[in-house]
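The values are calculated or read from the model by the stated rules, or taken from the named source; none is laboratory data. Values in this document were obtained by computation on a predicted structure and should not be read as measured data. Methodologically, a virtual Cβ is constructed for each residue, glycine included, from the backbone with ideal geometry; neighbour enumeration extends over all protein chains shown. When the accessible area is computed, the model is the full protein with side chains, heavy atoms only, and any ligands, DNA or RNA have been set aside. Shrake-Rupley method; radii C 1.70, N 1.55, O 1.52, S 1.80 Å.
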Amino acid sequence: MNEQIQKMTVQRKYLFSTLSTSYPSGRDLPVLAMASDADFSISTYDVTSRSIYVKWTKVAGATSYGITASPYMSVAQSAFAVFNPATIIGTVNTLLPNTNYTVTVEAMDIDGNTLAQAQTLQLTAPDVPIIEQAYSKLSNSITVEWTEVSGATGYQVIAQSGQLFFDSFVTSSPGTVTGLQAATSYKITVRSINLAGKSQPSPPTWATTVLVSPSVTVESSSSDSLSVSWQPVPSAVLYSVSVMRSDGSGSRWDQNTTALSLNFTSLDPGTIYTIKVHAWDANGTPGDDITYNQITRPLTPSDVQITFNSGALEATFSVPGAESTTSYTVLLYNGATAEASANCTMSVTPCTISSLHCGIEYTVALLASNEAGSTPSAKTWSLMSVPCAPSGISVVEENPGNLTVSWSSGNLSDYYVVFVKSDDGFEVHCNTSQSPCYFPAECGFTYFMSVFAYNKAGQSPLGEILNYTTAPCCPSDFSTAYVSSDTLEIVWSAVRGAEMYETKADDGTKVILCNDTATVCALSGLQCNTEYNVTVFSYSENRGSNTSCSSKYMKTAPCSPEITNITTIDTSTYMIHWDPKNFDAEYTVTVRGESRLWNCTSLGTFCTLESLPCGSMYMASVLAFTAEGISLPSYSVPLETAPCCPENLNVVQVTQSVTNVSWSTATGAQTYTTVLESPKGQAKCHTLEEHCLLGCITCGTSYSVSLEAVSETGLVSQCAYHGYSSSACCPSGVKLYRLSNTGIRVTWRASATPDNYTVNIYGTKGNFTCRPSSSFSYCDITEIPCGDVYTVVVSPVSEENDQILFCPQKIYSDFIWTRMNYEINENSVKQLI
């Protein structure tokens with residue numbers, strides 16, 4: 001066995017040297033196992049001040065387990081214990097408190113050989129504290145004092161009564177355990193605590209909790225006394241009661257008794273007192289005390305000040321010298337009942353009772369109250385209300401312009417004032433001790449009447465308000481704002497009292513009425529150019545219509561004329577005729593075109609309009625004017641002027657017998673007829689276009705030129721233009737003769753009139769022209785190449801020296817003459833001519 005111990009010691013030193021080098025703190029050390037058995041492990045199961053409990057895992061083949069606890073970093077003595085193979089939890093005792101130990105557990109076989117080994121570092125709990133004293137000051141707690149131990153980070157204070165445990169954790173002495181039962185004995189122990197765990201309990205001591213506080217009731221039955229009573233406390237043999245003012249002034253009353261109540265007198269009224277009560281046990285230990293603050297009842301009120309507001313029917317009350325801790329209730333009683341009909345509560349500020357009744361004399365009582373109770377006043381006061389509003393008010397207008405107001409008398413009324421106010425704000429009043437009162441009235445006013453009764457308390461509430469409306473005034477300044485042939489628009493200024501107006505127009509045979517709330521009315525459907533008797537009546541819903549209003553004569557505007565005829569004077573002058581329907585009327589004729597108006601004025605039945613543009617459509621209407629107004633316009637009648645003549649006309653001869661006539665567009669024209677006329681005959685063309693071809697024209701003849709422009713409705717304008725002369729006739733018998741190889745003679749038969757001619761020859765080798773004098777009918781052209789085909793045209797020349805272009809052309813070939821070597825001498829030529 002000694003060899004085994006020496007062997008384990010060597011192993012523990014080896015492991016310890018390794019752990020001390022790597023881990024300076026025992027709480028951080030891991031558990032280490034031998035390499036031969038990695039499954040072997042240990043853990044700390046419990047720790048006390050002098051013991052460490054270790055738990056390990058079993059090792060196969062182990063016949064015993066050894067635990068060694070060696071002080072860490074200390075030369076103190078180690079502890080050792082051995083356990084049988086069935087044990088897995090072992091303890092090492094006789095250790096030092098609050099000390100780090102290296103704990104090694106070895107599994108050994110039957111020969112004492114180590115099969116497995118593990119090691120950990122563990123701190124022991126602090127030393128056991130010693131209780132110095134334990135005592136109770138409150139019925140639910142005990143306070144404990146002890147000697148503090150080294151290394152303790154906290155303490156657990158434990159109180160035990162039978163199977164009940166109560167504890168509290170504190171960091172230092174003293175410590176208090178709460179939640180205990182009153183008047184109960186408890187076993188008290190204390191354990192010290194550090195990071196490792198708790199120490200063993202200290203040697204116990206006993207302590208008893210004090211008595212519980214009594215359940216106290218405090219009342220004030222009068223303004224100078226307090227009654228204190230309480231429920232009995234178990235185990236109490238005596239009770240102590242003390243009474244003193246809460247503000248600390250005055251006397252203090254202390255009294256001990258075995259009874260359950262006490263009465264204190266000669267106290268100050270309305271004053272807060274502090275009352276303390278506690279019980280004593282048989283050992284002379286005082287229990288919990290209880291403190292009450294109680295105010296005595298207030299002093300009996302002796303006076304009240306009353307202010308009555310008659311307009312609001314409310315009374316305001318205040319108590320002279322009122323205390324802030326006291327509330328005062330005012331009670332009002334009417335004569336019909338003994339119960340309070342109204343009340344209000346106040347303190348140092350006044351209170352108000354509103355909604356009082358009129359015509360009642362009230363009795364006022366006062367009650368002073370605080371938390372302790374109420375004290376009634378020894379006397380009552382009287383409060384007179386204002387009289388009620390008079391009833392049965394009526395108003396009568398016995399004579400126009402005079403009003404009579406009457407009413408019934410009421411209770412508590414000394415005199416009456418009647419106020420009459422018109423709706424324009426003007427007010428009068430009547431002061432009397434009896435009914436009725438009289439007032440003047442004007443038309444168109446609404447009068448509002450109220451009657452008030454008065455006594456010493458003031459004015460009665462507002463009662464019934466009557467209104468009376470006099471007949472509305474008559475409009476006198478009405479006039480016409482608009483007059484037409486069938487309408488009179490009447491306007492006037494509003495008058496007092498009128499809610500609606502009726503306007504009447506009477507021409508002796510028929511009456512026209514107009515009703516409206518506005519100050520304007522249009523009388524329509526009247527006869528034109530007629531005089532009416534017009535009246536404007538005022539109306540109100542209360543008084544009806546005022547039928548005494550005056551009238552005026554008014555005349556409607558003239559009747560609308562009717563155009564009877566339009567007479568054409570010339571192409572631009574027209575006369576408009578209409579029928580006479582009005583007296584003393586002036587007429588204006590208006591002719592409206594597309595761009596402007598034409599007017600003429602007349603006092604008769606016709607009017608002449610001049611300078612109307614041609615080719616236009618107009619609408620003509622007539623208006624009649626009188627001093628009363630303007631008639632409606634007559635129905636418009638169309639007026640069409642004849643179409644305009646074209647400004648430009650051109651005649652161009654197309655052939656010897658055909659002429660083309662063209663002209664510019666004529667305003668208002670739809671078709672045209674063109675005529676060329678001479679002694680030899682007439683050419684005529686009717687067309688929709690602005691040009692026309694006229695055939696059968698004789699050449700060399702003078703024509704007169706005319707044109708008719710016809711409108712869509714058949715109006716015709718005759719248009720004459722300057723004469724036209726047709727061109728000279730084309731020559732006949734045109735022939736060519738070769739004079740030489742380079743010369744040609746052209747001959748012709750001239751027309752009847754002597755004319756100048758022009759000869760034109762056109763060939764592929766050149767064009768050639770000659771113009772003989774008017775006395776010759778031939779023309780020679782020299783230097784003309786032979787051997788060509790020529791086109792020859794002989795045309796007369798107009799007076800303007802223009803060549804006529806429509807004469808016929810002839811074609812001649814010069815090749816035949818060349819082949820025959822034909823020669824023409826001068827003599828032969830002369831014979832031909």
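Of the options Gly700, Val637, Leu623, report the single residue whose Cα projects farthest towards the positive end of the charge dipole of the range 622-761 (beta-carbon charges: Lys, Arg +1; Asp, Glu -1).
Gly700
Taking the solvent-accessible surface of protein heavy atoms with a 1.4 Å probe, what is the per residue accessible area of the range 178-287 in Å²?
Solvent-accessible surface per residue comes out at 48 Å².
Please identify the GluC sites (Glu not before Pro) of the range 594-669 that satisfy two criteria: DSSP loop assignment and at most 16 other Cβ atoms within 10 Å. Which are they?
When the GluC sites (Glu not before Pro) of the range 594-669 are filtered for loop state and at most 16 Cβ neighbours within 10 Å, Glu594, Glu610, Glu647 remain.
Just the number, please: percent antiparallel of the DSSP beta bridges in the chain, rounded to the nearest 5.
Here the antiparallel bridges make up roughly 100 percent for the chain.
What length, rounded to one decimal in nm, is gained on full extension from Asp423 through to Met73, with 0.36 nm per residue of separation minus their alpha-carbon distance?
114.4 nm
Given the C-alpha centroids of the range 358-374 and the range 505-528, what is the distance between them in whole angstrom?
So the two Cα centres are separated by 75 Å.
Given a Förster distance of 56 angstrom, what is the FRET efficiency for Val396 paired with Asp247, based on the Cβ-Cβ distance and rounded to 0.05?
0.15
Once both axes come from the Cα atoms, what is the angle between helix 2-22 and the longest principal axis of the chain, in degrees from 0 to 90, rounded to 10?
The answer is roughly 40 degrees.
What distance in nm separates the two pseudo spin-label positions at Thr605 and Glu586, each 7 Å out from Cα along the beta-carbon direction?
With each label placed 7 Å out from Cα toward Cβ, I get 2.2 nm.
Using 11 Å as the cut-off for backbone N distance, which residues of the range 739-777 belong to the label zone defined by a point 7 Å from the Cα of Gln809 along Cα→Cβ?
From the range 739-777, the list is 761-763.
Taking a spot 7 Å from the Cα of Glu371 along the direction of its beta carbon, which residues of the range 220-252 have an amide N less than 13 Å from it?
Answer for this model: 220, 246-247.
Along Cα→Cβ, 7 Å out, is where each label goes; now give me the distance between the ones at Ser324 and Ser773 in nm to one decimal.
15.9 nm
Work out the FRET efficiency for Leu195 and Glu132 from their Cβ-Cβ distance, taking R0 = 22 Å, and round it to the nearest 0.05.
0.25
Using 16 Å as the cut-off for backbone N distance, which residues of the range 173-207 belong to the label zone defined by a point 7 Å from the Cα of Asn283 along Cα→Cβ?
From the range 173-207, the list is 181-189, 205-207.
Not counting ligands, DNA or RNA, and with a 1.4 Å probe, what is Val652's accessible surface area in Å² rounded to the nearest 10?
We get 80 Å² for Val652.
Normalised by the number of residues in the chain, what is the relative contact order in percent for Cα pairs under 8 Å and 6+ residues apart?
Relative contact order comes out at 4 percent.
Which entries of Lys58/Lys187; Lys510/Lys581; Lys684/Lys735 have Cα-Cα distances beyond 30 Å here?
Over 30 Å apart, Cα to Cα: Lys58/Lys187; Lys684/Lys735.
How much accessible area per residue does the range 301-385 have, in Å², with a 1.4 Å probe?
49 Å²
Could you work out [θ]222 nm for the chain from helices alone, using -39500 (n - 2.57) per DSSP H run of at least four and dividing by all its residues? Round to the nearest 500 deg cm²/dmol.
Mean residue ellipticity, 222 nm, calculated: -1000 deg cm²/dmol.
Semi-axes, largest first, in whole Å: what does sqrt of 5 times each Cα gyration tensor eigenvalue give for the chain?
Working through the eigenvalues yields semi-axes of 145, 83, 15 Å.
The chain: longest stretch without exposed trypsin sites (Lys or Arg not before Pro) (DSSP loop, at most 13 other Cβ within 10 Å), sites themselves excluded?
1-378
Any idea what the relative contact order of the range 50-118 is, in percent, if you count C-alpha pairs under 8 Å spaced at least 6 apart?
RCO, the range 50-118: 40 percent.
Would you mind getting the accessible area per residue of the range 687-770, heavy atoms of the protein chains only, 1.4 Å probe, in Å²?
49 Å²
Quick one: pull the percent of accessible area on the chain belonging to carbon and sulfur, 1.4 Å probe, ligands and nucleic acids left out.
Within the chain, the accessible surface is 50 percent carbon and sulfur.
Take Ser657 and Leu597, extend 7 Å from each Cα along the Cα→Cβ direction, and tell me the distance between the two endpoints in nm.
Going by the 7 Å Cα→Cβ label model, 6.1 nm.
Can you give the relative contact order of the range 152-246 as a percent, counting alpha carbon pairs under 8 Å and 6+ residues apart?
This gives 21 percent for the range 152-246.
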